[in-house]
Amino acid sequence: MTTAKSGSYNIVIPARFASQRLPGKVLLDLAGKPMLQHAWQRAMESAAESVVVATDDESIVNAAESFGAKAVLTRSDHQSGSDRIAECADLLNWPDDMRVVNLQADEPLMPPACLDQVAALLDWRTDCEVASLYWPITDAGEVQNPNAVKVVTGADECALYFSRAPIPYARDYGEVCEAIAKGVEWKRHLGLYAYRLAALRRYTSCAPTPLEKTERLEQLRVMEQGGRIAMARACEFIPAGIDSPDDLERVRQYFESKIS
């Protein structure tokens, strides 16, 4: 098997057709282009050696190839983007020491600098198998929102735990807003990952773990298997992705404001 070049990394954009609230959302129009194309363009602005779309649908393959992207057709039974990336890497015969960044197709506003940052973090943290990013939370409602995943980190900036619960728990404060005002820090996990491919292959070959199933957070599988996840504050703010019709309208308005 070949060896990855030092410092090189690849981006895979997992793009499934099914979506509970927005079927076929990765092909929905944003400012005259499919959502997927915007994500691909952000990836192409990074320092990645290659960018590949991994999908379960021929229509997405055709759309990707129409705007110049490389696309790989994968199985339709994958439970997560990580599983799809692992299959894509196998189909392309990528080496175990390759670093791969997972960019979701529904994140058309991803700053390219953050893609390079998370890949470089994994290159620097040779003691870790996965790297990811966070952003400070300053809103009490976001702390208590189960859809906003929180992460707590150690002195070495490795993840200690991820949860939908408001961790850390500010025991000596009456309200979360009071705790924030007095300096208690919460960190929102951003769903951008870099993997060492050997580790990704190993953990996607295993069944979901107890904490992963309880929280419905697949990154906990890495930790339950003894893996370490390096964390850092994102070098730029990463806008929320598109999960609902309201999100879609928000991003459409953003692009319209840029054009007008």
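The values are calculated or read from the model by the stated rules, or taken from the named source; none is laboratory data. Note that the structure is a prediction, hence the values are computed from the model and not measured. Don't worry about glycine lacking a Cβ; one is built from the backbone with ideal geometry, like all the others, and counts go over all protein chains shown.
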Just one listed residue, out of 172, 246, is of a type in the set (Asp, Glu), without any contact (Cβ under 8 Å) to a residue 60 or more places away in the chain and within 26 Å of residue 106 (Cα to Cα), and it is 246
Of (1) part of a helix (DSSP H, G or I); (2) more than 18 Å from the chain's Cα centre (by Cα); (3) without any contact (Cβ under 8 Å) to a residue 12 or more places away in the chain, residue 68 satisfies every one except (1)
Screening 179, 170, 230 for residues that are of a type outside the set (Val, Ile, Thr) and either in contact with a Lys or Arg (Cβ under 7 Å, 6 or more places away or on another chain) or not assigned by TED's automatic domain parsing to the domain that holds residue 150 (or both) leaves only 230
Considering residues that are in a helix (DSSP H, G or I), hydrophobic (A, V, I, L, M, F, W, C) and surrounded by 16 or more Cβ atoms within 10 Å (Cβ to Cβ), the number found within region 233-260 is 3
The strands (runs of 3 or more DSSP E) lying entirely within region 124-171 that contain at least 1 residues which are in contact with a Phe, Trp or Tyr (Cβ under 8 Å, 6 or more places away or on another chain) and either of a type in the set (A, V, I, L, M) or loosely packed, with under 15 Cβ neighbours inside 10 Å (or both) are 130-137, 150-153
With respect to residue 174, determine if the residue is on the phi > 0 side of the Ramachandran plot and more than 22 Å from the chain's Cα centre (by Cα).
no
With criteria (1) within 27 Å of residue 125 (Cβ to Cβ); (2) under 16 Å from the mean Cα position of the chain (by Cα); (3) assigned to a loop (DSSP other than H, G, I, E, B), residue 226 comes up short on (2)
Picked from region 71-91 (must be in a helix (DSSP H, G or I) and without any contact (Cβ under 8 Å) to a residue 60 or more places away in the chain), the residue surrounded by the most Cβ atoms within 10 Å (Cβ to Cβ) is 87
